[in-house]
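To keep things clear, I will list the structure first and then write my remarks on it.
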Amino acid sequence: MKRQVINVLIGVILFLLVYWNFGIIKMPEKDMKQSIQKGDVLLYRKFWLFPNHNDVVVYKSNYFLQEDSSDDKRYLFIQRIVALPGDTIKIDSGNVFINSLLEKPNAFYQRNYIVQLKDSIEKFSYLNESISEKVMISKKFEYAMSLSYQQYQALVNDTNVLSIESQLDHPSIFEENVYPYSEDIRWNKHFFGPLYLPKKKDKITLTKKNLYVYFPIIQGEEKFSEMRNDSLFINKKYVNEYVFKNDYYFVLGDNRDNAIDSRFLGPIKRKDIVGIVFYHFHY
């Protein structure tokens with residue numbers, strides 16, 4: 001009897017250790033296609049949450065919530081860390097630069113293209129079967145396609161492809177749902193930044209331009225903050241310098257043109273990171 005009790009206690013302790021330190025989640029969206037497919041099962045650790053470049057993280061956001069933003073109701077996102085606290089990120093024509101260095105291409109990153117073929121795609125079974133996200137947009141056999149870098153390279157060298165162009169927003173287009181959500185900083189998902197990611201205890205002198213860039217972050221740290229006449233007020237007092245209280249990261253979905261990520265959510269706090277993915281499998 002004593003041994004049975006001990007075995008039960010050991011089982012409970014092991015269960016709690018696994019529960020407290022590891023998690024399992026199903027990929028909810030297509031944000032990480034082609035690297036991780038919707039429905040894939042991911043294992044993540046909940047300890048030592050200091051992610052590095054290229055880590056895939058699970059994090060909380062209230063982006064889709066309108067009323068109830070309590071911690072247990074916040075939406076979980078799964079995306080890739082591309083920039084760390086202290087980094088500067090810029091996106092130019094969809095190309096990502098970290099500290100002025102162009103991001104290395106990944107064969108599985110996916111972007112949107114306009115592709116013109118010699119004939120209907122149904123005539124080319126190898127294309128029709130290998131490209132799942134496509135729609136015909138003109139009678140000239142033009143198709144809007146979502147392609148991985150690997151697929152893009154294959155089409156560039158395909159003699160049945162007449163032309164292929166990236167589907168980019170114009171630099172002058174302002175997307176109001178793109179961070180920092182201000183017409184004074186007219187960024188969109190293909191032309192974004194440069195944005196310096198604050199480290200905890202970083203101090204900045206506020207200017208008209210950087211106030212618009214950082215005000216959404218400051219709002220998240222200071223409950224009683226407001227902006228009036230291009231100036232910051234916290235607890236109704238004018239502030240011309242600000243010290244950040246958190247470390248901030250920038251995440252992107254591998255499905256670059258179709259993901260809701262830091263371009264829309266803004267930089268994420270380290271304390272909102274739930275886990276770091278270490279394994280995933282498809283079934």
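What number, rounded to the nearest 500 deg cm²/dmol, is the helix-based mean residue ellipticity at 222 nm of the chain, given -39500 (n - 2.57) per DSSP H run of at least four residues and division by all its residues?
-5500 deg cm²/dmol
Could you give the distance between the Cα centres of segment 121-183 and segment 212-238, to the whole Å?
One Cα centre to the other: 40 Å.
Return the single residue from 154, 107, 259 with maximal mean-square fluctuation; model: Gaussian network over the chain, springs between Cα atoms under 10 Å.
154
Starting from the Cα gyration tensor of segment 139-283, multiply each eigenvalue by 5, take the square root, and state the resulting semi-axes largest first in whole Å.
Rounded to whole Å, the semi-axes are 38, 21, 11.
About its Cα centre, what dipole magnitude does segment 109-215 give when the only charges are +1 on Lys and Arg Cβ and -1 on Asp and Glu Cβ, stated in debye to the nearest 20?
It comes to approximately 600 debye.
Taking a quarter of the surface of the Cα convex hull of the chain, what do you get in nm²?
With the hull built on Cα positions only, its mean projection is 20.7 nm².
Using the Kyte-Doolittle scale, which helices in the chain average at least 0.5 and also have C-alpha atoms spread 15 Å or more along the helix axis, with helices defined as whole DSSP H runs?
Helices passing the filter in the chain: 2-21.
Can you compute 3J(HN,Hα) from phi for each residue in segment 42-56, using the Karplus curve 6.51 cos²θ - 1.76 cosθ + 1.60 with θ = phi - 60°, rounded to whole Hz and x for Gly and Pro?
10, 9, 9, 9, 9, 10, 6, 8, 10, x, 10, 3, 6, 5, 8
For residue 118, go through the aspartates and glutamates and keep the ones whose alpha-carbon is under 20 Å away, minus same-chain ones fewer than eight residues off.
Cα-Cα hits under 20 Å: 129, 133, 142, 158, 165.
Here is the link list: 201/236; 33/140; 201/271; 223/245; 200/269. Which ones come out longer than 18 Å on Cα distance?
Beyond 18 Å between Cα atoms: 201/236; 33/140.
How big is the Rg/Rh ratio for segment 60-198, C-alpha atoms only, Rh by Kirkwood, two decimals?
On the Cα set of segment 60-198, Rg over Rh gives 1.05.
I need the trypsin sites (Lys or Arg not before Pro) found in segment 135-226, filtered to DSSP loop residues with at most 16 other beta carbons within 10 Å of theirs.
Counting only loop positions with at most 16 other Cβ atoms within 10 Å, the trypsin sites (Lys or Arg not before Pro) in segment 135-226 are 139, 140, 186, 199, 200, 201, 223.
So if a site counts as exposed when it's one of the GluC sites (Glu not before Pro), its DSSP state isn't H, G, I, E or B, and it has at most 13 other Cβ atoms within 10 Å, what's the longest stretch of the chain without one?
The longest such stretch corresponds to 68-175.
Here, each number is a calculation from the coordinates, and none is a lab measurement. Please read all numbers here as calculations on a predicted model, not as lab measurements. A quick note on method: Cβ atoms are made from the backbone with ideal geometry, for glycine too, and the neighbour counts reach across all protein chains shown.
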